[in-house]
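Since the structure comes first, as structure tokens, the remarks are kept for the end.
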Amino acid sequence: MIKPTIKLQDLRRKIYLKAKSEKSWRFWGLYVHICKMETLEESYRLCKHNKGSAGIDGVTFEQVEQEGVEKLLSEIQQELKSATYLPKKNRIQAIPKGNGKTRKLGIPTIKDRIVQGAIKLILEPVFEADFQPGSFGYRPKRTAHQAIEQVSNAIAQEKTKVIDVDLKSYFDTIRHDLLLSKIAQRIRDDKVLHLLKLILKTSGKKGVPQGSVISPLLSNIYLNELDKMLEKANDVTREGKYTHITYARWADDLIILVDGYWKWHWLYSGVQRRLKEELANLGVEINEEKTKEVDLRKGEKFGFLGFDFRRNVNSQGKGWPHYPPKMSSRTRLLRKLKDIFKRHNSQPISRVINLINPIVRGWVNYFRVGHSSKCFGFVKDWVQKKIRRFLMRSKKRRGFGWKRWSRDWIYEKLGVYNDYQVRRSRKDFSIQ
């Protein structure tokens, strides 16, 4: 991860501490920090690190480097200071979601990404102080693995009544007036609010584009009141160290788990009612077709962040969480690898391995926290067979070459990725 310079770090830290200690404080004078060259330079470094394709103007990072980064940043700084900056429309790109459906990404120009990144660097510590513990998506020092662990721990604590919430076109339905009013509760700087309004207008009359730099922060701000409601439900029903409701939210992906004991059935129905009320206030609809009520004690399961969660019971009758990768997650990986083998069938095997290794490594590193051994074994065997078939075809022969090449040769000589070990926490092993 690229770290900001110390000076900018200090500023962000001071803003965070002020926001944390004074919950009603409204920050002013932030626009000047957004315009600072140090902030713009850091924003550019982060944007370049995240890569991404060109926006509607077709300008790439390579072109920016050739023409001079300082030139672009100085131009942006001057436009911001003179209030002449106007963001361009986003380039819309559809990406497949599965089941034949697509998700629309709004890709800003590099110039607009830099401005959004600068705003995020200054506003993020303000709202990070307000965000709730159960919110994990796109936040500093928070990971998907932490959200997965929270859900896993809740199942181990017998929170077996689950609401698997699906929000209908969430990013496309965010109301700009409500969002800006929520931001204004903490920001008393007309220039910052005007700049945000200009950025929001590029996506139409409502909604924030998925794919822009600032959208994750804005979407978390919009749902923070919902998180507060769930945290309050957790606090008021707490009995000492025991809690009876847990939730984990990653952007618009929300899982709520309630104690399965009959005594807490009222809490389950009460949370459902309050959930609908809070979302109605935001103008966000629940997708009734995809939102599920799950009872883990009946053997039902739910999906969250690429895993299928269910409750297994050991020989002593104690329930424990079991969460292997979803079949669809494995299918997407194999489809991507298969496409690489197909498109590079005339290339040297070393070229193919250099392309597939980072993909497999990233996928395995993400899923190795769950009960993934069986799935990993399948993927490992599949990749090895594809490598063998590729080698045999290059020699115009059929089969897999089991006698020609040993497993050790495949992994050690060719360097095919081979670390498929599951690394769960000690607690995960003890409950089994």
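The values are calculated or read from the model by the stated rules, or taken from the named source; none is laboratory data. In this text the structure is predicted, and so the values were computed from the model without any measurement. Cβ coordinates were reconstructed from backbone atoms using ideal geometry, including for glycine residues, and neighbour counts include every protein chain displayed. Surface accessibility is based on the protein's heavy atoms, side chains included, excluding ligands, DNA and RNA. Shrake-Rupley method; radii C 1.70, N 1.55, O 1.52, S 1.80 Å.
A few remarks follow.
- Note on the stretch 315-354: residues that are farther than 25 Å from L414 by Cβ and touching a residue at least 60 places away in the same chain (Cβ under 8 Å) total 6.
- Among residues of the stretch 254-263, those that are out of contact with any Asp or Glu (no Cβ under 8 Å at 6 or more places or on another chain), crowded, with 18+ Cβ neighbours inside 10 Å and over 14 Å from L230 (Cβ atoms), counted: 0
- Within the stretch 33-53, if we keep just the residues that are open to solvent by less than 20 Å² (accessible area, probe 1.4 Å) and hydrophobic (A, V, I, L, M, F, W, C), the residue that is nearest to N90 (Cα to Cα) turns out to be C47.
- Members of the stretch 393-414 that are closer than 29 Å to M327 by Cα, hydrophobic (A, V, I, L, M, F, W, C) and open to solvent by less than 50 Å² (accessible area, probe 1.4 Å): I410, L414
- Looking across V213, V192, one residue alone is farther than 13 Å from L282 by Cα, touching a helix residue (DSSP H, G or I) at 6+ places or on another chain (Cβ under 9 Å), part of a helix (DSSP H, G or I) and in contact (Cβ under 8 Å) with a residue 24 or more places away in the chain. It is V192.
- Scan the stretch 68-118 for residues that are assigned to a strand (DSSP E or B), surrounded by fewer than 18 Cβ atoms within 10 Å (Cβ to Cβ) and charged (D, E, K, R) and the total you get is 4.
- Entry remark, the stretch 279-308: residues being open to solvent by less than 60 Å² (accessible area, probe 1.4 Å), out of contact with any helix residue (DSSP H, G or I) (no Cβ under 9 Å at 6 or more places or on another chain) and of a type in the set (D, E) number 1 in total.
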